[in-house]
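Following: one structure in structure tokens, then a few remarks.
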Amino acid sequence: MNIFMQILMNTEIYKEHVYVVILCGGGGTRVWPLSISKKPKQFMKFYSNKTLFQETIARALEFTDISRIVIITSDKYVDEIKKEVPQILDQNIIGEPMKRNTALAMGVAAAFVYQKDPSGVIINLASDHVITKLDIYRKTLLAGALVSFDKHYLISVGITPTFAHAGLGYIQKGAKIGEYSGMPLNKVTGFKEKPSMELAQQFLDSGNYLWNANNYIWRADDILEAFDKLSPEIAKQIRKIQPFLGTNKQNEAINSYYPDTPQEPIDTAISEKTDNLYVLPGDFGWHDIGGWQVVYELGKKDDNENVVIPSQDINNNFPVIIEESNGSLVYSGKQPIAILGLSNIVVVDTGLGLLVCDRKKSNDVKNIVAKLQKDGFDKYI
């Protein structure tokens, strides 16, 4: 009997231990001015009557119940989270007083789960991704949870690349150790930072690389042990906070120990150091809303390839008129907008800010945000 047949015997057991941790702290400056620090993109509606965060919660409920969904976020977003999904237990919302990157966030969330269930297996999700193939998504992540629960592997779900992407890191696949639910499970042999376009094409052609989307699945006990071994400075702070998680002293402990903790992403703190990381391929229509170009690509097109994003306020949908124009994206949140005789542009008007740009240059919006910040116009970002 191979290891995966053995794992099947634990199918019902592991489901009682599945938790979902949602990281909900990003600023989303690449989709300014709709996404601003006060209310970033995960709290915006792009393609439905649900925000990206609400869509993430809906997907999380495919894996577990609401009592085992944990949110780690900036403390300034706690009220918004409660407003958007009031069913989430207050104690399951962990507010961070400052940014300390993903290693500490994931470590503290794992410690929180461990306090509830030492055998808890965690599916880590971002709050601002779009998934278009939900059945495959559910199958893939549950496969990762089952393998992680039974074999104590740290699992990365790498995204099967569809083109040469220079804006993402890559996971290098090593030896295949088996197959589960029709998907190969491979040893991870390396990580590659954002490559040149030439190197990205080589990665794509080789078939040995997956996009690194920071999709991780692991048991709470295993990842905490990995922190102890591989990132002791961060682990020391996590262990100080751990006894207070889930108690009325939680916020006090987090506020006390966060400032002295190093800022580090999970990739360099754990993933690049461990010899216990394996990867499953993700082919479930994954998209990171990393700019207006992605918003356009996923949007519903009219006959001239134009996309209109509805107003965030369903009671105030302002008219958008597009004449003799094509390939453009338009959003109006405060007043009517008309474009005439223009192609491949982005127009976003929120009342707080107005963006007009070539759609192909829209990924550079972050530079505008940086300039606004440098010039002291923080209230607009």
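The values are calculated or read from the model by the stated rules, or taken from the named source; none is laboratory data. These numbers were taken from a predicted model, which means no experiment stands behind them. Note that we place each Cβ from the backbone using ideal geometry, even for glycine, and neighbour counts take in every protein chain shown.
Which of the residues that make up the range 112-133 are more than 18 Å from ILE155 (Cα to Cα) and of a type in the set (Phe, Trp, Tyr)? The one that is more than 18 Å from ILE155 (Cα to Cα) and of a type in the set (Phe, Trp, Tyr): PHE112. Taking the range 279-304 as the range and being in a helix (DSSP H, G or I) and either charged (D, E, K, R) or buried (at least 19 other Cβ atoms within 10 Å of the Cβ) (or both) as the test, the residues that pass are TRP292, VAL295, TYR296, GLU297. Checked across the range 94-108, the condition of being among the charged types (D, E, K, R) and either at pLDDT 95 or above or surrounded by 18 or more Cβ atoms within 10 Å (Cβ to Cβ) (or both) holds for at least one residue.
Cβ-Cβ distances below 7 Å connect the following pairs, each with a first residue in the range 255-283 that is over 24 Å from SER181 (Cα atoms), a second residue that is among the polar types (S, T, N, Q) and part of a helix (DSSP H, G or I), and a separation of six or more residues or different chains: TYR257/GLN237; ASP260/GLN237; THR261/GLN237; GLN263/ASN101; GLU264/ASN101; PRO265/ASN101; PRO265/THR102; ILE266/THR102. Counting only helices (runs of 4 or more DSSP H) that sit wholly inside the range 32-127, those with at least 1 residues that are within 24 Å of GLN263 (Cα to Cα) and touching a residue at least 24 places away in the same chain (Cβ under 8 Å) are 101-116.
Any chance the range 305-322 includes a residue that's modelled with pLDDT of 95 or more, more than 24 Å from the chain's Cα centre (by Cα) and not in a strand (DSSP E or B)? Yes, the range 305-322 has at least one match.
Here is a yes/no grid of residues against (1) of a type in the set (D, E, K, R); (2) out of contact with any Leu (no Cβ under 6 Å at 6 or more places or on another chain); (3) closer than 30 Å to TYR209 by Cβ; (4) in the same structural domain as ASN186 (by TED's automatic domain parsing):
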residue	(1), (2), (3), (4)
PRO310	no, yes, no, no
ASN315	no, yes, no, no
GLU323	yes, no, no, no
ASN326	no, yes, no, no
GLY333	no, yes, no, no
ASN363	no, yes, yes, no
ASN367	no, yes, yes, no
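Taking (1) more than 25 Å from ASP128 (Cβ to Cβ); (2) surrounded by 20 or more Cβ atoms within 10 Å (Cβ to Cβ) in turn, THR274 satisfies each apart from (2).
Counting the residues of the range 325-344 that are over 27 Å from the mean Cα position of the chain (by Cα) and part of a strand (DSSP E or B) gives 6. Does LEU342 meet the test of being surrounded by 15 or more Cβ atoms within 10 Å (Cβ to Cβ) and either out of contact with any Lys or Arg (no Cβ under 9 Å at 6 or more places or on another chain) or not assigned by TED's automatic domain parsing to the domain that holds CYS24 (or both)? In short, yes. In the range 345-363, the residue that is modelled with the highest pLDDT out of those that are surrounded by 14 or more Cβ atoms within 10 Å (Cβ to Cβ) and part of a helix (DSSP H, G or I) is ARG359.
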